[in-house]
Amino acid sequence: MKNSCYLLLLGLAFSEVASASSEANLTGTWVATQLDRNAVKHDIRVLITQKGNDFLFERDLWQDKLEYIADGTKRQLHQIGTRFVTYYTAKWEGESLIIDKKIDASPPPNTPSWFITPSRYIHEVWSISADGMSLTNMNTFKSGKPPKPPYKKIRSTLVYTKVDNR
């Protein structure tokens, strides 16, 4: 009986390791090749470095670096040189990386209430093609005057092509 329990636990542990390793690897340099009408109309290049559930997104257009940990925990995203505070949760759903962000302005002291920027919410879904050469980023952006909806909602989709495996 004891051996059966150990074998069952060992089997469960192995299946967890197998499922964790089946998640997509997004590492590489990606260039946006398809933009919808709501996407920014610039050359968009992103370098993604992935080590397990740790991600570093280096974006040319915004000249920034964003670090995420995809474990489902709410964390603060540290962005240097901005007055915004961003909280995020990143997790895997199947082969897709899901990132939910809440962005709050940190106004200077004595800022009039009418001048404070409302919170913004971004839901990102990053999915890689079966051949690993195409990456799709679907975004839903919501903003409005809290605490009541309706929020203004904008959706955009960008499709990236892999240009190298860095």
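Just list whichever of LYS91/LYS152; LYS101/LYS153; LYS74/LYS153; LYS91/LYS142 have alpha carbons separated by over 18 Å in the model shown.
On the way: LYS91/LYS152 25 Å; LYS101/LYS153 14 Å; LYS74/LYS153 23 Å; LYS91/LYS142 20 Å.
Table pairs above 18 Å Cα-Cα are LYS91/LYS152; LYS74/LYS153; LYS91/LYS142.
Using each residue's phi in region 65-72, evaluate 6.51 cos²θ - 1.76 cosθ + 1.60 at θ = phi - 60° and report the 3J(HN,Hα) Karplus result to the nearest Hz, with x for Gly and Pro.
The phi angles translate into 10, 10, 10, 10, 10, 8, 10, x Hz.
Mind listing the long-range amide H neighbours of LEU77? Cut-off is under 5 Å, sequence gap 5 or more, other chains count too, H placed in the peptide plane at 1.01 Å from N.
THR86, TYR87, TYR88
Which order do LYS142, LYS51 fall in if you start with the one that has the fewest other Cβ atoms within 10 Å?
Sorted ascending by nearby Cβ count, the order is LYS51, LYS142.
Rounded to the nearest 0.05, what FRET efficiency do SER156 and THR33 have when you use their Cβ-Cβ distance and R0 = 22 Å?
Numbers: r = 15 Å, r/R0 = 0.66.
So the FRET efficiency works out to roughly 0.90.
Values quoted throughout were computed directly from the atomic coordinates according to the rules given, and no laboratory measurement underlies them. In this text the structure is predicted, and so the values were computed from the model without any measurement. We place every Cβ from the backbone using ideal geometry, glycine too, and count neighbours over all the protein chains shown.
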